[in-house]
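Take a look at the structure below.
The values are calculated or read from the model by the stated rules, or taken from the named source; none is laboratory data. These numbers come from a predicted model, not from an experiment. Cβ coordinates were reconstructed from backbone atoms using ideal geometry, including for glycine residues, and neighbour counts include every protein chain displayed. When the accessible area is computed, the model is the full protein with side chains, heavy atoms only, and any ligands, DNA or RNA have been set aside. Shrake-Rupley method; radii C 1.70, N 1.55, O 1.52, S 1.80 Å.
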Amino acid sequence: GEMFAYARRKGLIPLSAIHRREDADFLLEFDLGAFKIASIDLDYHQLLKQLAVYKKPMIISTGMAHMHEIAATMRLIDQEHIKDVVLLHCVSCYPPRPDQLNMRNIPMFNLLYDIPIGFSDHSTGITSAVVAVTLGAKVIEKHITLDKTYPGPDHPFASEPDEMKQLVRGIRETEQSLGTSRRFISSEEEDVR
């Protein structure tokens, strides 16, 4: 509860991965806005059916999943009338090498599913998150830590606060720079012309 209250005071929306219905019951006491489904639970259909009754948005990671498993989960989401779903492209390596990222999955998912597509980013640095936004990602999930040298498996590839600020800045600049597919000449460019 204390952590959720702190996040809200900072203008953030607190979320948590849900691995059991009991997790949902506990966290809903703190007004959890959406359920995060970790890659490991993508095809845990019994859990997804249990969570469907809450009528909450879901953010679903796809790491380690074959396309037929993702398709089966998306059919279940549809059958259970779960609204407001975000599907995250994800590579369950910690951290993945650039040649493992396969970022073109993002536009592929955008073509297949009429929902927001995002990227669960376990890579180091900010490049892959910026690439994800360029390819159409609407959500970026990124680990944060106060110190990469803390003990534990996630800290070495997580972003420290300054790097997280850099990542957010990079994403916002990328969104602005993408513009539209309509060709136009700005007034500043007209002056140069």
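I'd like the residue in the range 80-101 that is open to solvent by 60 Å² or more (accessible area, probe 1.4 Å) and in contact (Cβ under 8 Å) with a residue 12 or more places away in the chain and, out of all such residues, is farthest from ASP154 (Cα to Cα). Looking at the filtered set, the residue picked out is HIS81.
Summed over the range 169-193, residues that are of a type in the set (Val, Ile, Thr) and surrounded by fewer than 15 Cβ atoms within 10 Å (Cβ to Cβ) total 3. When PRO151 is tested against the conditions (1) open to solvent by less than 70 Å² (accessible area, probe 1.4 Å); (2) over 16 Å from CYS90 (Cβ atoms), the lone failure is (1). Within the range 135-156, is even one residue closer than 20 Å to ILE59 by Cα, of a type in the set (A, V, I, L, M) and modelled with pLDDT under 95? Yes, the conditions are met somewhere in the range 135-156.
Out of GLU141, GLU190, one residue alone is part of a strand (DSSP E or B) and of a type outside the set (Val, Ile, Thr). It is GLU141. Restricting VAL130, VAL139 to those that are open to solvent by 30 Å² or more (accessible area, probe 1.4 Å), touching a helix residue (DSSP H, G or I) at 6+ places or on another chain (Cβ under 8 Å), aliphatic (A, V, I, L, M) and in contact (Cβ under 8 Å) with a residue 40 or more places away in the chain reduces the list to VAL130. When the range 29-62 is limited to residues that are open to solvent by 50 Å² or more (accessible area, probe 1.4 Å) and of a type in the set (A, V, I, L, M, F, W, C), the one that is farthest from HIS143 (Cα to Cα) turns out to be VAL53.
Listed here are the residues, each with its yes/no results for (1) modelled with pLDDT under 95; (2) in contact with a strand residue (DSSP E or B) (Cβ under 8 Å, 6 or more places away or on another chain); (3) under 18 Å from ILE144 (Cβ atoms).
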site	(1), (2), (3)
GLY1	yes, no, no
ARG8	no, no, yes
PRO14	yes, no, yes
ARG21	no, no, no
ILE70	no, yes, no
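Within the range 40-62, at least one residue is of a type in the set (Val, Ile, Thr) and over 21 Å from LEU112 (Cα atoms). Could you count how many residues in the range 63-72 are acidic (Asp, Glu) and open to solvent by less than 20 Å² (accessible area, probe 1.4 Å)? Residues in the range 63-72 being acidic (Asp, Glu) and open to solvent by less than 20 Å² (accessible area, probe 1.4 Å): 0 in total.
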